[in-house]
Amino acid sequence: MFNQILISQFKTQFRGELIRPGDAEYENARKVHNGMIDKRPRLIARCADVADVIAAVRFGREHGLLVSVRGGGHSGAGLGVCDGGLVIDLSGLCWTDVNPKKRTVRVGGGSTLGAVDHATHAFGLAVPAGIISTTGVGGLTLGGGLGYLTRKYGLTIDNLLSADLVLADGSVVTASEHQNEDLFWAIRGGGGNFGVVTAFEFKAHPVHTNYAGPILWDIDKAPSVMAWYRDFIREAPEDLNGFFAFLVVPPAPPFPENLHNRTMCGIVWCYTGPADKAKKVFQPIRDFLSPALDFVGPIPHPVLQSLFDRLNPPGLFTYWKADFINEISDAAIEQHMKFGPTIPNMHCAVHLYPIDGAAHRMRKNETAWSYRDSTWAQVIVGVDPNPAKKDKITEWTKRYWTALHPYSAGGAYVNFMMDEGDERIRATYRENYDRLSAIKAKYDPENFFCVNQNIKPKDQGREPNDSRSTLQETMSSLAGRS
Ligand SMILES: Cc1cc2nc3c(=O)[nH]c(=O)nc-3n(C[C@H](O)[C@H](O)[C@H](O)COP(=O)(O)OP(=O)(O)OC[C@H]3O[C@@H](n4cnc5c(N)ncnc54)[C@H](O)[C@@H]3O)c2cc1C
């Protein structure tokens, strides 16, 4: 009875949907991309606008709730959802507003990459982002943002001009080079620790049709391909991006039948320079070693950005582990050859994304994203549609990662991490951690936003959530008092 009163009061300030256990929408609304995640929040506040976000933050704060913020729901660790608390779901804040003259785009905090690519492409523009169109702009940007345009235009955060945030006290601020500069520094890599971003403003670049796609080789060629690739990409023009992959070829067009289900290695290329120079740029690649498949050709940017979407539908069981890499050494290649060829199925992936070019032109303390001196982000992704294989793919990923970790730079890209503990988070931010922690203490001293790769507020020894009850407890205690 009292629960209903509390919810009814909240509803008077909320235009979006409030979803509770037992509601028809609940089972769907609590799901995130990774099928491994099975969390049961007490309330999901699907916001319609900024006022709803403010109301939800205040409601969560007033009632001492554990709160998670959900953008696109793609976090491997399932950080968009929580058990027993309140989910602030931003999927209703999916909108875009392109300014073609200024080459900028404003984007709602719950937008997907596909929505942004669609909007900007109409003006021959693109924002550097990730390689799957269903990923949320929110989490991807706040963690950094790696993709096909990294070498030429930098990380997604290097193209962020400003962001509007609802802070833990419910106030609204803008962060940019000229306003709340400390906050602007922190949100460029520091994740969802500092507030709910309701709008991002990005610089967009003239990108329309790329010369791009995968080139695949037989798996036994992988040592030569990796050794060649590590030297080639370093010297390649910044117009050219290419990430290395171990993969299993999907049994479907456009792949030729003779390659279906074959374990191979490949590089997925994206050239954004002048079209008439493309073939020349690819000549040394094509001369290096005759491939089993050369699928590179002209491709509109949004098509490239969604090329692998069908391999990544929501609900598959996923476990991933990552590291930053400075050097793909011969010893590391040897380890890759022990595990890469055992990749379990076509949904799994091992990717090495280059970090250099424009991403290296930012200093490591210029934004919160510390690993500007590393050269690759490596991620090993175990995925299976079958829940019975959860343990198998987790084990494969962990064993692979353990063998490769000694050859890494230490930390990992936060957006490719599971729930791996404080030490791992510190290893990722390195010398930027203390500054992040001080900014956290200024903007979120109570660690209200703690369902994330959590940065603890400086001088606050307390563990996150230890003073926070779940909604269920709040409601029961209030019910007891009534
Ligand atoms: C299939 C797949 C492909 C991927 N490809 C790439 C890639 O190419 N490049 C790359 O860099 N990364 C990639 N990623 C990783 C991706 O960047 C992270 O998973 C990221 O966290 C996803 O953001 P999200 O908003 O979808 O996730 P969510 O799970 O919704 O959120 C992740 C974290 O961000 C916070 N958050 C989200 N939105 C906001 C907001 N508006 N305000 C405040 N906090 C917010 C959440 O609270 C949570 O802590 C990929 C992930 C998947 C599953």
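Provide the per-residue ³J(HN,Hα) series for the stretch 246-259, in order, calculated from phi with Karplus coefficients 6.51, -1.76, 1.60 and θ = phi - 60°, each as a whole number of Hz, with x at glycine and proline positions.
9, 7, 10, 5, x, x, 7, x, x, 6, x, 4, 5, 9
Fewest Cβ neighbours within 10 Å first, please rank GLU446, GLU395 accordingly.
Starting with the residue having the fewest Cβ neighbours, the order is GLU395, GLU446.
Output wanted: per-residue J couplings in Hz (rounded whole) for the stretch 113-124, from phi through Karplus 6.51 cos²θ - 1.76 cosθ + 1.60, θ = phi - 60°, x for Gly and Pro.
With coefficients 6.51, -1.76 and 1.60, one gets 4, x, 5, 5, 4, 4, 5, 6, 4, 4, 10, x Hz.
Please give every one of the aspartates and glutamates within straight-line cross-link reach of LYS442, meaning a C-alpha to C-alpha distance under 14 Å, and leave out same-chain neighbours fewer than 8 residues apart.
Within reach: ASP169, GLU181, ASP182, ASP434, ASP459.
Compare the Cα positions of TRP228, VAL53, HIS347 along the charge dipole of the chain (+1 at Cβ of Lys, Arg; -1 at Cβ of Asp, Glu; about the Cα centre) and return the one farthest towards the positive end.
Checked the options; the winner is VAL53.
Quote to one decimal, in nm, the extra length available between ASP38 and ARG20 on full extension: 0.36 nm per residue of separation minus the C-alpha distance between them. Walk me through the numbers before you get to the answer.
Values: separation 18, 0.36 × 18 = 6.48 nm, distance 1.54 nm.
Additional length available on full extension: 4.9 nm.
Taking a temperature of 4 °C and a viscosity of 1.567 mPa s, what whole-number D in µm²/s does Stokes-Einstein yield for the chain with Rh from Kirkwood over alpha carbon pairs? All intermediate terms of the calculation are to be shown ahead of the outcome.
On the way: Rh = 23.0 Å.
The diffusion coefficient I find is 56 µm²/s.
Return the sequence-ordered ³J(HN,Hα) values of the stretch 35-46 in whole Hz as given by the Karplus equation 6.51 cos²θ - 1.76 cosθ + 1.60 applied to θ = phi - 60°, using x for Gly and Pro.
In residue order, the calculated couplings are x, 5, 8, 9, 9, 10, x, 7, 8, 10, 9, 8 Hz.
What shape does the stretch 337-467 take by its C-alpha gyration tensor, where a ≥ b ≥ c are the square roots of the eigenvalues and a/c under 1.5 counts as rounded, a/b above b/c as prolate, and the rest as oblate? Mind dumping the intermediate values first?
Numbers: a/c = 2.70, a/b = 1.46, b/c = 1.85.
It is oblate, given that a/c is not under 1.5 and a/b is not larger than b/c.
With each pseudo-label sitting 7 Å past Cα toward Cβ, what's the ASN99-MET362 distance in nm, one decimal?
If labels sit at ASN99 and MET362, their model points lie 2.0 nm apart.
Near the amide H of THR112, under 5 Å away, which other amide H atoms are found, from residues 5 or more places off or on another chain, if H is placed in the peptide plane?
VAL137
Taking every DSSP beta bridge that has both residues in the stretch 1-100, what percent is antiparallel when rounded to the nearest 5? Each step should come with its number before you reach the end.
On the way: 3 of 11 bridges.
Bridges in the stretch 1-100 that DSSP calls antiparallel: roughly 25 percent.
For the stretch 1-147, what is the relative contact order in percent, using Cα pairs closer than 8 Å and at least 6 residues apart in sequence?
Working: 281 pairs, mean separation 27.6, N = 147.
Once normalised by length, the contact order is 19 percent.
Among LEU160, LEU316, rank each residue by its count of other Cβ atoms within 10 Å, from fewest to most, as a rough exposure measure. Each step should come with its number before you reach the end.
On the way: LEU160 24, LEU316 19.
In order of increasing Cβ crowding within 10 Å: LEU316, LEU160.
Using Cα positions and a limit of under 21 Å, work out the lysines in reach of LYS280, with same-chain residues fewer than 8 apart set aside.
Partners found: LYS152.
For the stretch 6-35 and the stretch 190-233, what is the centre-to-centre distance using only Cα atoms, to the nearest Å?
Their Cα centres are 35 Å away from one another.
List the residues, sorted by chain then number, that are 5 or more residues from SER162 or on another chain and whose placed amide H is less than 5 Å from its amide H.
HN-HN under 5 Å from SER162: GLU201.
Only counting other Cβ atoms within 10 Å, I'd like LEU146, LEU183, LEU140 sorted with the fewest neighbours first.
By the 10 Å Cβ count, ascending: LEU183, LEU140, LEU146.
Under the definition of Cα pairs under 8 Å and six or more residues apart, what whole-number percent is the relative contact order of the chain?
Values: 1110 pairs, mean separation 85.0, N = 482.
Reported relative contact order: 18 percent.
Loop only by DSSP, 10 or fewer other Cβ within 10 Å of the Cβ. Give me the trypsin sites (Lys or Arg not before Pro) in the stretch 298-371 that pass, ordered by residue number. Working shown, then result.
Values: sites: ARG310, LYS321, LYS338, ARG361, ARG363, LYS364; in loops: ARG363, LYS364.
In loop regions of the stretch 298-371 (DSSP not H, G, I, E or B), the sparsely surrounded trypsin sites (Lys or Arg not before Pro) are ARG363.
Can you show me the helix-derived [θ] at 222 nm for the chain, built from DSSP H runs with n ≥ 4 at -39,500 (n - 2.57) apiece and divided by the number of residues, rounded to the nearest 500.
On the way: 15 runs with 139 residues, N = 482.
Calculated mean residue ellipticity at 222 nm is -8000 deg cm²/dmol.
Regarding the stretch 40-199, what is the average projected area of its C-alpha convex hull, in nm²? Walk me through the numbers on the way to the answer.
On the way: hull surface 36.3 nm².
Here the figure is 9.1 nm², rounded to one decimal.
Bear in mind that the values in this text are calculations on the coordinates, not laboratory data. Values in this document were obtained by computation on a predicted structure and should not be read as measured data. Here the Cβ is made from the backbone with ideal geometry for all residues, glycine too, and neighbour counts use every protein chain on show.
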